[in-house]
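**Student:** One structure follows; several queries about it will come next.
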Amino acid sequence: LRNRKINMKLMVGIEDFTSESDIEELVRAGTDEFFTGIIPKEWAGIYGYQVSLNRREWSPNQFHSFEKFRVIADKIHSLGKKIAVAFNAPDYYAGQLPYIKKYFHKLKELRIDALIIADLSLLFMLKEWELEFDIYMSGTAGAYNSRAVKHYAHLGVKRILFPRDMTLDEMKNVIENT
């Protein structure tokens, strides 16, 4: 990696208590993109936070309403930056899909830039529901080798987030062989 130009971007996680002024300060500090999770009160009332949409199982780590999220997303976009929303639980069951579909439609209205997903079935459901988002494949999906990365790219995935347990040398190997 020493001899290759790296196009690194700083992506920062935000939560329900993040304010518009926090966003401005983070952008001034060099943040290029943001990501977050959302667990609407409707979902929390049925499943709680333990059955998370996004592996951020603790309530303060999420937005709880699309109305509050809209204010922050609008601020991010007004500063020319991007926002991705994580739906990266390892799997979902059929009874949850109507809620997820509804939430994806709301996120589409908010002009969300990307979804971070781990469950490949969501990728196929997006096509079935005729919803288009840029897709970032979560580290939970396990892109441990170049074959996995090529497979995800073939499916239309725009970005891979490496699993947290990969070493820099392992990441370098995947990058060089993709």
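The values are calculated or read from the model by the stated rules, or taken from the named source; none is laboratory data. All of these numbers come straight from a predicted model, not from anything done at the bench. Ideal geometry is used to build each Cβ from the backbone, glycine not excepted, and the neighbour counts take in all protein chains shown. For accessibility, only protein heavy atoms count, side chains too; no ligands or nucleic acids. Shrake-Rupley method; radii C 1.70, N 1.55, O 1.52, S 1.80 Å.
**Student:** Which residue out of Lys102, Lys81 is touching a strand residue (DSSP E or B) at 6+ places or on another chain (Cβ under 8 Å) and either open to solvent by 20 Å² or more (accessible area, probe 1.4 Å) or under 21 Å from Trp43 (Cβ atoms) (or both)?
**Tutor:** Numbers: Lys102 fails: touching a strand residue (DSSP E or B) at 6+ places or on another chain (Cβ under 8 Å).
It is Lys81.
**Student:** A further question on this structure: Identify, by number, the condition in (1) at pLDDT below 90; (2) surrounded by 15 or more Cβ atoms within 10 Å (Cβ to Cβ); (3) closer than 29 Å to Ile175 by Cα that Ala86 doesn't meet.
**Tutor:** (1)
**Student:** If you don't mind, there's one more thing I want to ask. Could you say whether any residue in the range 108-120 is assigned to a strand (DSSP E or B) and open to solvent by 70 Å² or more (accessible area, probe 1.4 Å)? It would help to see each step written out before you state the result.
**Tutor:** Applying the first criterion (assigned to a strand (DSSP E or B)) to the range 108-120 yields 114-117.
From what's left, open to solvent by 70 Å² or more (accessible area, probe 1.4 Å): none.
No: zero hits.
**Student:** Can you tell me which residue in the range 7-60 is farthest from Tyr93 (Cα to Cα), limited to those that are in contact with a strand residue (DSSP E or B) (Cβ under 8 Å, 6 or more places away or on another chain) and basic (Lys, Arg)?
**Tutor:** It comes out as Lys9.
**Student:** If you don't mind, another one. List, please: which pairs have Cβ atoms under 8 Å, are six or more places apart or on different chains, and start with a residue in the range 61-88 that is free of Cβ contacts under 8 Å to residues at least 60 places away in the same chain and part of a loop (DSSP other than H, G, I, E, B) and end with one that is among the basic types (Lys, Arg) and open to solvent by less than 60 Å² (accessible area, probe 1.4 Å)?
**Tutor:** Listed pairs, sorted by first residue: Gln62/Arg56.
**Student:** With respect to Lys102, determine if the residue is over 12 Å from the mean Cα position of the chain (by Cα), free of Cβ contacts under 8 Å to residues at least 12 places away in the same chain, over 24 Å from Asp32 (Cα atoms) and assigned to a helix (DSSP H, G or I). Let's see the steps before the verdict.
**Tutor:** Working: over 12 Å from the mean Cα position of the chain (by Cα): yes; free of Cβ contacts under 8 Å to residues at least 12 places away in the same chain: yes; over 24 Å from Asp32 (Cα atoms): yes; assigned to a helix (DSSP H, G or I): yes.
Considered against the rule, which asks whether it is over 12 Å from the mean Cα position of the chain (by Cα), free of Cβ contacts under 8 Å to residues at least 12 places away in the same chain, over 24 Å from Asp32 (Cα atoms) and assigned to a helix (DSSP H, G or I), Lys102 comes out as yes.
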